[in-house]
1. Regarding SER105, is this residue within 16 Å of ligand 2 (Cβ to nearest atom), of a type in the set (S, T, N, Q) and more than 30 Å from ASP458 (Cα to Cα)?
2. Is there a residue being within 16 Å of ligand 2 (Cβ to nearest atom) and either among the basic types (Lys, Arg) or touching a residue at least 24 places away in the same chain (Cβ under 8 Å) (or both) anywhere in the stretch 84-96?
3. Could you list, in sequence order, all residues of the stretch 452-475 that are within 15 Å of LEU500 (Cα to Cα) and surrounded by fewer than 21 Cβ atoms within 10 Å (Cβ to Cβ)?
4. Within the stretch 496-521, which residues are outside any strand (DSSP E or B), more than 19 Å from PRO438 (Cα to Cα) and out of contact with any helix residue (DSSP H, G or I) (no Cβ under 8 Å at 6 or more places or on another chain)?
5. For the stretch 497-522, how many residues meet the condition of being within 16 Å of LEU455 (Cα to Cα) and either at pLDDT 95 or above or surrounded by 14 or more Cβ atoms within 10 Å (Cβ to Cβ) (or both)?
6. Tell me, yes or no, whether the stretch 137-152 has at least one residue that is surrounded by fewer than 18 Cβ atoms within 10 Å (Cβ to Cβ), of a type in the set (S, T, N, Q) and not in a helix (DSSP H, G or I).
7. Hey, any hits in the stretch 123-137 for a residue that's among the hydrophobic types (A, V, I, L, M, F, W, C) and either within 16 Å of ligand 2 (Cβ to nearest atom) or out of contact with any Asp or Glu (no Cβ under 8 Å at 6 or more places or on another chain) (or both)?
8. Go through (1) within 16 Å of ligand 2 (Cβ to nearest atom); (2) over 30 Å from ASP158 (Cβ atoms); (3) open to solvent by less than 10 Å² (accessible area, probe 1.4 Å); (4) small (Gly, Ala, Ser) and name the single condition GLY44 misses.
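The values are calculated or read from the model by the stated rules, or taken from the named source; none is laboratory data. Computed from a predicted structure; not experimentally measured. Cβ coordinates were reconstructed from backbone atoms using ideal geometry, including for glycine residues, and neighbour counts include every protein chain displayed. Accessible surface is based on the protein model in full, side chains and every heavy atom, while ligands, DNA and RNA are left aside. Shrake-Rupley method; radii C 1.70, N 1.55, O 1.52, S 1.80 Å.
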Amino acid sequence: MSETWWRGAAIYQVYLRSFADGNGDGIGDLAGLRARLPYLSDLGVGAIWLNPWYPSPMADGGYDVADYRDIEPSFGTLAEAEEFIAEAHALGIKTITDIVPNHGSDQQKWFLQALEAGPGSAERERFHFREGRGESGELPPNDWKSIFGGPAWTRIADGEWYLHLFAPEQPDFNWDNPEVVEEFHDVLRFWFDRGVDGIRIDSAALLVKDMDSLGGEEAYTDLDGVHEIYRGWRRVAEEYADRILIGEVWLPDQERFAQYLRPDEMHTAFNFDFLACTWEAAALRCSIDLTLATHIPLGAPPTWVLSNHDVTRPVTKYGRADTSFSHADRKHGMPSDPVLGERRARAAALLAMALPGGLYVYQGEELGLPEVEDIADELRQDPIWIRSGRTDHGRDGCRVPLPWSGDEPPFGFGAGPTWLPQPLEWKALTAEAQAANPTSMFTLYRTGLHLRRELLGDGTLTWLSGAQDEVLAFRRESGLVCVVNLGQEPVSLPEHESVLLASGPLEGNLLPSDTAVWLRTA
Ligand code: NOJ
Ligand code: CA
């Protein structure tokens, strides 16, 4: 098994619009990110994954790409992106860009050409255009539903309909068309040529559609044909040295999931099973075991994800009576105990950091930011809010601009009002305030990430606790033992030489409830 950077890397996810604003327009940008690279280096991350940074009308926060070979003007320029890549590399930080192959923007050149060219044209063959059903084609070609709510079809002026699994502004590409295949190979090369080290593949399981199927998700989720696409992508990646493909693959079936990680497909994929797991010892252990059993035979490193730009912030999730997460039920507004939530999120961070494989940290996770649930309805930007008929509050609450410093908004994010408002209470959560505090979430992450680099990363684990225990305890090859107490009562620590790091205060030799510790053992 080769030891390459990505197998054990801590990868920090930058949601650029909300990271740092360099020009004071309230929107994060490349200038802001570049100015904060020392922060990320100090935090101890090995790589940065940026959400889509391409020109976009922002109908879905940039996942509606209008040009795959340029940078969104409000974020900066292509030249700045290249400088960012070089500056990150100079700090020993790898860079990962996000490619959206399932759909483009309705403002993308190909889609505009398809509208213009009319029914039956080669231009329309790059998408899924169909005639409607009913006497005059007034009904959509089938009853597929958009993942964001409402029908998955929109009718255009000449009467044809086009497919969009997400918002109408995101028309789906037709992956049966070799031109589409070629185009994306070229896009991959475009970014690899500019030095990016990895590609995060958006909605990776959805590309191939069975248009004759009347069914629901099974008509477009995880159809066998997707694997040929990623074999092609792997061949492109291997034209370059040490570049990786990371799949966004949400599938409940681990065997199907594992197929994406075969040696001639992707290098890694996000572990959403772990992200969605409840804060319970047996469930977490089961998720960890399943993950290891899925990855180890393939030689692929597991990944550990606690949050991203699509899900509820951990401190909020873990403070609720129901600690599960699903897209179908975000539990918006369910009461959350902030003290309990933070305590558990700290313990979860030490657990995730100690597990073998790669780790993802979503910006703001290291600051312990809560989900912002009281954004005024008229300020909500996530298309899910409107398309669900204002029933699903969507994902804006985990996308609020970061608080960096100072006592009031914009908390050093930029100069003026931010694109989503920041809560006043974030005064206590700024990076500046936390860096100076030895017991802050930031200090826990920074210490943990540095220790992890030295002692953890890729490899295996040996369980020291039983499957039914309320305590998770395991040893890593370096001798580091991680113990997490998910029970109600304090438990004694196993024999050890020293305590390396704890998520909260210990009571002598006892590990309190909802607390994790890293021990050095012989
Ligand atoms: C998954 C992305 O993470 C999400 O933010 C986006 O809305 C959908 N894919 C559609 O591109
Ligand atoms: Ca800006």
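1. Answer is no for this residue.
2. yes
3. Listed by number, the residues that qualify are ARG453, GLU454, LEU455, ARG475.
4. Hits for the stretch 496-521 are HIS496, GLU497, GLY508, ASN509, PRO512, SER513, THR521.
5. Matching residues across the stretch 497-522 total 11.
6. no
7. No, that holds for no residue.
8. Among (1) within 16 Å of ligand 2 (Cβ to nearest atom); (2) over 30 Å from ASP158 (Cβ atoms); (3) open to solvent by less than 10 Å² (accessible area, probe 1.4 Å); (4) small (Gly, Ala, Ser), GLY44 violates only (1).
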